[in-house]
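A.B. asks: Take a look at this one; I'll ask things after.
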Amino acid sequence: MSEPTRIRAQAGADKATVRMLMTHEMESGQRKDASGKIIPAWFIREVSVQLNGKPVMTAQWGPAVSKNPFLQFTIKGAKAGDKLTVSWVDNRGDRRSDEATIA
Amino acid sequence: MPSRRDLLGHSARIATLLAAAGLLPELARAQGSSYPSAAFEAKTMADVMKALGAGVPAESKDVTITAPDIAENGAVVPVGASTGLAGVRRILILVEKNPAILSAMFNFTDAVEPSFSTRVKMDQSSNVYAVAMMSDGRVLFAHKEVRVTLGGCAG
């Protein structure tokens, strides 16, 4: 079972800044193990963010995004109390969804 | 002569590969999503654009890339891509000398500002690109060279 995504969302005057830290190995598929065999790539492929149940953004990633991915962006018109849902799915089909309230 | 352990390891890996190959298309259909695999395998910006069905990118001062001049650890390089332009639908982050050039792609509605920050791995010193794809079909980019002291892909 994967660890929860840490989400921090702070409302400003007319927008909210969202920062998140997902927990994922993000194995590049370039590394080799001790016996010289390539460690297969394992990474988050898609991220989606909903504000009060409405999709506002999606991201597609390759294995070049760093381990335990960080993402920051700004949602216009979002205010304190609004609900954020962050979901991801990786290339093995594992998925996770976490919620946070904008503060 | 391969040892028994090697053989077992092999078959487990092959099983994983087969499962991934069989399951992933189903997953993509279920989500109604389309992961652009060809774009994420491309080696050059031109090939990424071709895979995404986009036009020829032009350099623009209206697109901003934020990245360090020197990255001590190539495994964690903070990169930001933003633009002040309206009508941007998609922002890409590309690292020229990585095994695959496209690192991340962000698609968003008008509710989100065209500005994203994340962290990427860099194999070696390279140009990093921020690309903005506009709803009118224009593709604009900015670039910056980042020197990497310790590579972060094969490490």
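Coordinate-derived values only; no laboratory data. These numbers come from a predicted model, not from an experiment. Positions of Cβ are backbone-derived with ideal geometry, glycine not excepted, and every protein chain shown enters the neighbour counts.
A.B. asks: Equivalent ellipsoid semi-axes for the stretch A:6-101, as square roots of 5 times the alpha carbon gyration tensor eigenvalues: give them largest first, rounded to whole Å.
C.D. replies: 31, 12, 10
A.B. asks: Apply the Karplus parameterisation 6.51 cos²θ - 1.76 cosθ + 1.60, with θ equal to phi minus 60°, to every residue of the stretch B:56-64 and state each ³J(HN,Hα) to the nearest whole Hz, in sequence, with x for glycine and proline.
C.D. replies: 7, x, 10, 5, 9, 6, 7, 10, 10
A.B. asks: With charges set only on the Cβ (+1 for Lys and Arg, -1 for Asp and Glu), what does the dipole of chain A come to about its Cα centre, in debye to the nearest 20?
C.D. replies: On the way: 16 positive and 11 negative charges, 36 e Å.
That gives chain A a dipole magnitude of about 180 debye.
A.B. asks: Which lysines have a Cα lying under 28 Å from the Cα of residue A:79, excluding residues fewer than 8 positions away in the same chain?
C.D. replies: Leaving aside lysines fewer than 8 places away in the same chain, those within reach of residue A:79 are A:15, A:54.
A.B. asks: Let me ask another. Highest mean first, how do B:92-102, B:46-56, B:132-142 rank when packing is the count of other Cβ atoms within 10 Å averaged over residues? It would help to have the intermediate numbers written out before the result.
C.D. replies: Details: B:92-102: 23.8, B:46-56: 15.2, B:132-142: 16.9.
In decreasing order of mean packing, B:92-102, B:46-56, B:132-142 become B:92-102, B:132-142, B:46-56.
A.B. asks: Testing the spin-label approximation: label points 7 Å from Cα along Cα→Cβ at residue B:44 and residue B:107. State their distance in nm.
C.D. replies: 2.7 nm
A.B. asks: Could you work out Rg/(2.2 N^0.38 Å) for the stretch B:85-155, with Rg from alpha carbons only?
C.D. replies: Numbers: Rg = 13.4 Å, N = 71, 2.2 N^0.38 = 11.1 Å.
In units of the 2.2 N^0.38 Å rule of thumb, it is 1.21.
A.B. asks: Another question, if that's okay. For B:68-76, what's the mean count of beta carbons from other chains sitting within 10 Å of each residue's beta carbon? All intermediate terms of the calculation are to be shown ahead of the outcome.
C.D. replies: Details: counts 0, 0, 0, 0, 0, 1, 1, 4, 4.
Partner-chain Cβ atoms within 10 Å, mean over residues of B:68-76: 1.
A.B. asks: Give me the dipole magnitude in Debye, nearest 20, for the stretch A:56-103 about the Cα centre, with unit charges on the beta carbon: positive for Lys and Arg, negative for Asp and Glu.
C.D. replies: Numbers: 7 positive and 5 negative charges, 14 e Å.
Magnitude of the dipole: close to 60 debye.
A.B. asks: When Cβ neighbours within 10 Å are restricted to other protein chains, what is their mean count per residue of peptide A:45-57? Don't skip to the end; give the middle numbers.
C.D. replies: On the way: counts 7, 7, 2, 3, 2, 0, 3, 0, 0, 2, 4, 5, 7.
Mean partner-chain Cβ count within 10 Å for A:45-57: 3.
A.B. asks: Pairs to check: A:32/B:97; B:43/B:97; A:76/B:144. Give those whose C-alpha atoms are more than 18 Å from each other in this structure. Don't skip to the answer; put the middle values down first.
C.D. replies: On the way: A:32/B:97 20 Å; B:43/B:97 8 Å; A:76/B:144 28 Å.
As for pairs spanning more than 18 Å Cα to Cα, those are A:32/B:97; A:76/B:144.
A.B. asks: Now a separate question. Based on the Cβ-Cβ distance from residue B:64 to residue A:35, what FRET efficiency comes out when R0 is 30 Å, to the nearest 0.05? Walk me through the numbers on the way to the answer.
C.D. replies: Working: r = 45 Å, r/R0 = 1.49.
Result of the calculation: an efficiency of 0.10.
A.B. asks: Starting from the exponent 0.38 and prefactor 2.2 Å, build the expected Rg for the protein assembly as shown from its residue count and divide its actual Cα Rg by it. Intermediate values should be presented prior to the final figure.
C.D. replies: Working: Rg = 18.7 Å, N = 258, 2.2 N^0.38 = 18.1 Å.
Taking N as the residue count of the protein assembly as shown, the ratio is 1.03.
A.B. asks: Averaged over peptide B:117-125, how many Cβ atoms belonging to another chain are found within 10 Å of each residue's Cβ? Each step should come with its number before you reach the end.
C.D. replies: On the way: counts 5, 9, 9, 7, 9, 2, 3, 0, 0.
Mean shielding by partner chains, rounded to a whole number: 5.
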